[in-house]
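Here is the structure we will look at.
Read the figures in this text as sums done on the coordinates, not as results from a lab. These numbers come from a predicted model, not from an experiment.
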Amino acid sequence: VMAYAGWGGTLVYAGALLAETYDLGANTVGLLLGAAAVAYFPGTFAARRRLEGDLRALLAGLAIALALGVAAFGALRPSAWVSTALFAALVLLAGARTITGSAFGLNAAPEHKVKIGSIRAGATQLGYLAGAAAGGIALDLGGYRTVGLTLAGFFAAAAAPHLSLGLRRRPLRGAQRA
C-alpha cells in the first residue's frame, strides 16, 4: 500500500508540477509525460533478470531509490527537461518495482495466486487513493517540495518491512520461499 501511495501520488501530481513550474500547456505536458512513460518497459525488463535473486533486498532498494528520486523531483526543478528526465527515471524504477512486487507476492504463496492478486489489486487502489489525498494536502500546505517529501515518506515506509525482515531471516528468492 505504501509504495502504491508513493507512486499514485507521483502520477497524480507530475503533470501539474510540469505545467505550473514551467508554464507549459496541456499538450506539451502530455507529450513530456508520454515520452517519460516509455521508460516503464526497460524497467520491467531490467528487473526481470533479477527475479531469481533476493527479492526482498531488490524491493527495498527500489523503494529507497524511488524515495530519493521523488524527493528530488519535488525539490529540484532547474528546467522542464531535467524534471522530465527525472520523472522518466522514476517511471523506470516503478516498472522494476512493480514486476518485483508481483514476483515477491506470487512466490510467497504460489498456492494462493488468485488471493494474492486480489489483495494486490485492493492495495493498489487504496494506495493510489492515499497518495493522491496526501499529495493534495501536502501541495496545499507547502507546494511541490512538500509533495515530494510526503511521497518519499511513503516509499521509505514501503522499504522498511523488507529491510527489517531481511535482517532477521533468509531472503525470499525467486523460486524459493523463506
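3J(HN,Hα) couplings calculated from phi for region 109-119 with the Karplus curve 6.51 cos²θ - 1.76 cosθ + 1.60 (θ = phi - 60°) are, in sequence order, 8, x, 6, 10, 4, 5, 5, 4, x, 5, 4 Hz; Gly and Pro show x.
Using the 2.2 N^0.38 Å rule of thumb for compact globular proteins, work out how the chain stacks up: its C-alpha Rg over that value, please.
That works out to 1.05 for the chain.
The average projected area of region 93-154, computed from the convex hull of its Cα atoms over all directions, is 4.6 nm². The mean sequence distance of close C-alpha pairs (under 8 Å, at least 6 residues apart), as a share of the length of region 31-104, puts its relative contact order at 59 percent.
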